[in-house]
Amino acid sequence: MNVKELLDREVALRNSYEEVCEEKLDPIIVARKYNSDVIALICSLFAYGNVKQIVNFLDSLDFSLLQKSDEEIEEGLKKHYYRFQTNADVIALFIALKRLEEHTTLEDVFVSGYKENSNVIEGINVLIEKLYELYPHSSRGYTFLVGKVTTKTKGAGALKRWMMWLRWMVRSDEIDLGLWSRVDKAHLIMPLDTHTFNVSRKLGLLKRKTYDLHAAIELTETLKGFDKEDPLKYDFALYRLGQEKIV
């Protein structure tokens, strides 16, 4: 069996609603409950570390606060913190997203950056800038959570959590939510984490030895050789192959 056959088999096997469940946790399990791009973004940005801890933290959040006043958000989240993020960081994200939704949508802001060059990195950059503009807040934890504007690919963070969120938003299948309609799934970039990085190197899909955004783009280009319209259909399968130590 060649690599494409292996991956196509895994995609067919994994593309099931039941593939994400209490026994096989993934942060999208929380996002599914709400069908909201804003809540899904919160779920993806906090998706680092132990998956059980991620889901427990996300389940502890009161997402109705996104429709409340700044003061109610501050009061409702004063005891919430997660790893590198203090309660002030969690509060900042909620207030920034609430303010954004009062005047526009995440999709509109993203598309304003994406549309000129069909470049998802440019769309993410505009969103990151907008969040900082709407609620200026600076800390190491918040910078880690939201990220920085990306102007290069070599040596730059892989933007894994942002790319995962875009996969959820743009792709529509048994796993992904497909809430957006104005972004082409052919333009998505692989959400590269250590599992997919290591598995892709073992399978010969990725030559680059540095775990960065350039590697994520290289892997995406390789997978376009298998399906140029939807390269990220292989993401979840690759992730599980690594997580379950099959490869």
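The values are calculated or read from the model by the stated rules, or taken from the named source; none is laboratory data. Bear in mind that the values here come from a model prediction, so they are computed numbers and not experimental data. Here the Cβ positions follow ideal geometry from the backbone for every residue, glycine too, while neighbour counts run over all protein chains shown. Keep in mind that these areas ignore ligands, DNA and RNA; they rest on the heavy atoms of the full protein, side chains included. Shrake-Rupley method; radii C 1.70, N 1.55, O 1.52, S 1.80 Å.
Data for the structure
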quantity	calculated
So Leu65, is it under 21 Å from the mean Cα position of the chain (by Cα), part of a helix (DSSP H, G or I) and either at pLDDT 95 or above or not hydroxyl-bearing (Ser, Thr, Tyr) (or both)	no
Residue match in the stretch 61-76 (condition: in contact (Cβ under 8 Å) with a residue 60 or more places away in the chain and either at negative phi or acidic (Asp, Glu) (or both))	no
The one condition in (1) of a type in the set (Lys, Arg); (2) open to solvent by 50 Å² or more (accessible area, probe 1.4 Å); (3) within 14 Å of the chain's Cα centre (by Cα) that Arg167 fails to fulfil	(2)
Every residue from the stretch 48-62 that is part of a loop (DSSP other than H, G, I, E, B) and open to solvent by 70 Å² or more (accessible area, probe 1.4 Å)	Asn50, Asp62
Restricting the stretch 189-203 to residues that are more than 17 Å from the chain's Cα centre (by Cα) and closer than 22 Å to Asp26 by Cα, the residue that is surrounded by the fewest Cβ atoms within 10 Å (Cβ to Cβ)	Asn198
Subset of the stretch 61-86 [farther than 12 Å from His137 by Cβ and polar (S, T, N, Q)]	Ser64, Gln67, Ser69
All positions within the stretch 204-224 that are surrounded by fewer than 16 Cβ atoms within 10 Å (Cβ to Cβ) and either outside any loop (DSSP other than H, G, I, E, B) or in contact (Cβ under 8 Å) with a residue 24 or more places away in the chain (or both)	Gly204, Thr210, Glu221, Lys224
Qualifying positions in the stretch 1-47 - open to solvent by 20 Å² or more (accessible area, probe 1.4 Å), of a type in the set (A, V, I, L, M) and in a helix (DSSP H, G or I)	Val3, Leu6, Val11, Ala12, Leu13, Ile29
Condition met for Leu238 (in contact (Cβ under 8 Å) with a residue 12 or more places away in the chain and part of a helix (DSSP H, G or I))	yes
Options Lys185, Lys154, Lys245; residue that is charged (D, E, K, R), at positive phi and either out of contact with any Leu (no Cβ under 6 Å at 6 or more places or on another chain) or surrounded by 19 or more Cβ atoms within 10 Å (Cβ to Cβ) (or both)	Lys245
Yes/no for Ala156 being farther than 28 Å from Tyr82 by Cα and aliphatic (A, V, I, L, M)	no
Candidate set: the stretch 85-118, residues that are among the hydroxyl-bearing types (Ser, Thr, Tyr) and in a helix (DSSP H, G or I); chosen: the one most open to solvent (accessible area, probe 1.4 Å)	Ser112
Tabulated pairs, the stretch 146-163, first closer than 13 Å to His214 by Cα and in a loop (DSSP other than H, G, I, E, B), second of a type in the set (A, V, I, L, M, F, W, C) and open to solvent by 40 Å² or more (accessible area, probe 1.4 Å), C-beta under 9 angstrom, 6+ apart or interchain	Thr153/Ile217
Cβ-Cβ under 6 Å pairs, at least 6 apart or on other chains, the stretch 115-136 side at pLDDT 95 or above, far side among the charged types (D, E, K, R) and open to solvent by 60 Å² or more (accessible area, probe 1.4 Å)	Leu134/Arg99
